[in-house]
Amino acid sequence: MSEPKILAFFCNWCTYTAADLAGTSRMKYAANVRVVRMMCSGRLDPQFVLQAFKEGADGVLIGGCHPNDCHYIEGNYKALRRMTLLKRMMESMGIEKARVRLEWISASEGLKLQEVVNEMTEQLKKLPPMSRMEPTQVAHP
Amino acid sequence: MRGNGDVRIGVYVCHCGSNIAATVDVEAVTRYAEELPNVALAREYKYMCSDPGQELIRKDIDENKLNRVIVAACSPLLHEHTFRHATEAAGLNAYYFQMVNIREHCSWVHDDRERATTKAKDLIRAATMRIVHHEALEPRKVAIRPEVLVVGGGVAGIQAALTLAAAGKHVYLVEKDATIGGHMAKFDKTFPTLDCSMCILAPKMTAVKASKNITLWTCSDVTRVEGYVGNFKVTVRRRPRYVIEDLCVGCSRCIDECLFKEGKFPDEWNLGLSKRKPVYIPFPQAVPPVALIDPAACIQLKTVKCKMTFVEACGERKAIDFDQKAEEKVIEVGAIIVATGFRAYDPTPLNRYGYGRLKDVYTALEVERLLNASGPTGGNLVRRSDNAKPKSVAILHCVGSRDENAHIYCSRVCCMYSLKLAHLIKEKTGAEVFNCYIDIRAFGKGYEEFYRRLMSEGVQFIRGKGAEVTDVAEELRERGKLVVSVEDTLLSRIRRIPVDMVVLAQALEAGADAAEVRRMFNISCSADGFFLEKHPKLAPVNTVADGVFLAGCCQGAKDIPDTVAQAGAAAGEALALIDAQFMMMEPNTASVTEDLCSGCRTCLPLCPYQAITRDEQKNKAVINEVLCKGCGTCVASCPSAAISQKLFTDAQIFSEIQGVMMHE
Ligand code: FES
């Protein structure tokens, strides 16, 4: 298939910083990923993920601090809890669960970030192309 | 498309010299941005962060009536501040600015110019759609407490505390041991000047005690840190020392009269090379100069069956208190300096060196104590096995450092302290000294000169990492000796060197409790386990947690001059913070739109800061924006979409998603 598009939601304190570190260390990874910064993975509304798929994403990567390390104490646990519901919703919509991935990547783990992005890109290439409705204008709340 | 409606965006694409321009076609990106909806103009510039770069923004806001500014350059964590200031300087609200990261997240991590260029376009397009929904915001102004907490009383913590105290600030210095001084108090001499370590440290230690601006708590641990920059609430647990600090004068009479006539318990200060009594003062220059009782050793505390001669010895002072309990202190501070130091690497796992198995193999720190006049042997370097002076000593460099099996990093100080030990051993015993090294790293002021001096003193240098230490003799001359095998890479042959004593130049590693400390202060560790500074070059004492600074070896192995310099820097940063008295906080708090709130209470238990309460009468959630830290968890969980987070509103994020994914 053509190059899959990955939309990533990274928390400001760990994973976004890890991505910065990957940059300063000149670690090369697949150009398939686009990052949206949030303060914490706890800000992740499952709707963001569904919206991403609707707009053309082939995969969604969510990055937060390791358990016990969230800058806001436990936002990452909240994100984790929402994943269960999210995956159920995705399944009922016919989207493979493998298209969404939650990873704990700390500020020092530039290397892990590189590996996760590359691995996910490869995995998405193996999935059958996603069928989706034509993107429409969303009404914002 | 030129800005038509109310929104007029200026997009600035930075070359960053060639950092971005080498991989991203900046010109193409700029031309692309120019055509995007609501974009009034797009420009490229060599260095947007430079003064002329910022001036461009100011001028355009003024002359071209921009009301939104986007800079596509490096990470917002680096330069968001800079450009917000530039935006504000031209009279536009700072939050009408958005930064796009096309360096760390794009040009530096991708090779394919075409794909990197497309990605840069996608990211900028997303920003142009997001920024339409931006609104004018005011940063929150909060007061900063003037007190500072320094954690760790080694030379780093001492220096930081003294600097702050000299500036008239109140400092809480918390140390887990019974005295301050840290590792430096254990060293004999310091390289390359060979000053007596204690002689230069002790005046600083007493200055801490004498300063009325420093509250010193030894035998204490930080157990809880709440709050945030400017207003931390810290809980400190003071363990009992069973001696009332204010009453004890350190006369040592209790120690003399202790039931134990001789020391029986391993003396921590001498790394167990000597014995102490259950009641003891860590060392003569200890600060505070106060005795303490080891509850695991004291007969009275264990069985209540002591004859109490030592209590009598204290007499009218009544400084001994068996009922002392751990005490919790809660303090409020504006800034925190973490100076928790390092741990000396234990070479036991490196079985080939025989440490712990072969009696006359020592760690460098043990030898520091043996050489020291107040050490276990009164400064006589003698062997554990037979109390004899060694006639030959081998010092193995890089034990635990530059080693795939232990730590990959260089510990920076081992070369120099090995040279120092070589000098001192030679001076004290006249022994022949061999240094087995990979490289000599004599990087500091006067260090190379010291190395040369050692060479002229006749210390032997063998280029090669010590491979093994054994007591199995292969030849007559090896009988009764420790044999070091090493490949002499200058002679290209394996040598076996029989010696009487082996010193392992152990690595410096992160403290045993580094992971715990890191969590408590909400900071990060680098891959080597040491605490991570905010920026390796430009913010070397800052951390990701605002208001928490680093000093000394907890941030990475370093020598005393660097430690003291860094401690001064940390104190300076803390001072700059608290002296401002007020600080501006990112206005990214959440708030409830009353009309939309259904009163379902989903959000209430989710807030880690108890910032959400319920208005009983109206049956609506209410967010206290002073307590809110802006994580956005409640926003994401509200089924009615009644909660909104400034700077990260749903509309902003949805537009960003839409923009970044849109087909060209
Ligand atoms: S701040 Fe990283 S997950 Fe909460």
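Before moving on, here are some points about what is shown:
- Residue among B:386, B:360 that alone is among the acidic types (Asp, Glu) and touching a residue at least 12 places away in the same chain (Cβ under 8 Å): B:360
- Among the residues listed as B:66, B:41, the single one being aliphatic (A, V, I, L, M) and either surrounded by fewer than 23 Cβ atoms within 10 Å (Cβ to Cβ) or farther than 21 Å from residue B:6 by Cα (or both): B:41
- Residue list for the range B:454-479, filter: free of Cβ contacts under 8 Å to residues at least 40 places away in the same chain and of a type in the set (Lys, Arg): B:463, B:477, B:479
- Odd one out for residue B:511, checked against (1) in contact with a Gly (Cβ under 8 Å, 6 or more places away or on another chain); (2) at pLDDT below 95: (2)
- For residue B:110: the one exception among (1) at the interface with chain A (Cβ under 10 Å from one of its Cβ atoms); (2) without any contact (Cβ under 8 Å) to a residue 40 or more places away in the chain; (3) not small (Gly, Ala, Ser): (2)
- Any chance residue B:305 is modelled with pLDDT under 95 and either in contact with a strand residue (DSSP E or B) (Cβ under 6 Å, 6 or more places away or on another chain) or part of a loop (DSSP other than H, G, I, E, B) (or both): yes
- Checking each residue in the range B:4-20 for being in contact (Cβ under 8 Å) with a residue 60 or more places away in the chain and open to solvent by less than 50 Å² (accessible area, probe 1.4 Å) picks out B:7, B:9, B:10, B:11, B:12, B:13, B:14, B:16, B:20.
- Helices (runs of 4 or more DSSP H) wholly inside the range B:1-107 containing at least 2 residues that are within 31 Å of the chain's Cα centre (by Cα) and modelled with pLDDT of 95 or more: B:76-89
- Residue list for the range B:250-290, filter: surrounded by 19 or more Cβ atoms within 10 Å (Cβ to Cβ) and closer than 24 Å to residue B:305 by Cβ: B:254, B:255, B:258, B:276, B:277, B:278, B:279, B:280
- Among the residues of the range B:511-534, those identified as more than 12 Å from chain A (Cβ to nearest Cβ), of a type in the set (A, V, I, L, M) and within 12 Å of the chain's Cα centre (by Cα) are B:514, B:517.
- Residue A:55 fulfils the conditions (1) farther than 22 Å from residue B:108 by Cα; (2) surrounded by fewer than 21 Cβ atoms within 10 Å (Cβ to Cβ); (3) at the interface with chain B (Cβ under 8 Å from one of its Cβ atoms) except for a single criterion, (2).
- Flag for residue B:84 being open to solvent by less than 30 Å² (accessible area, probe 1.4 Å), within 23 Å of residue B:58 (Cβ to Cβ), within 11 Å of chain A (Cβ to nearest Cβ) and not polar (S, T, N, Q): no
The values are calculated or read from the model by the stated rules, or taken from the named source; none is laboratory data. No experiment lies behind these values; they were computed from the predicted model shown. So basically every Cβ, Gly included, is an ideal-geometry build from the backbone, and we count neighbours across all protein chains shown. Heads up: the accessible areas ignore ligands, DNA and RNA and are worked out on the full protein's heavy atoms, side chains in. Shrake-Rupley method; radii C 1.70, N 1.55, O 1.52, S 1.80 Å.
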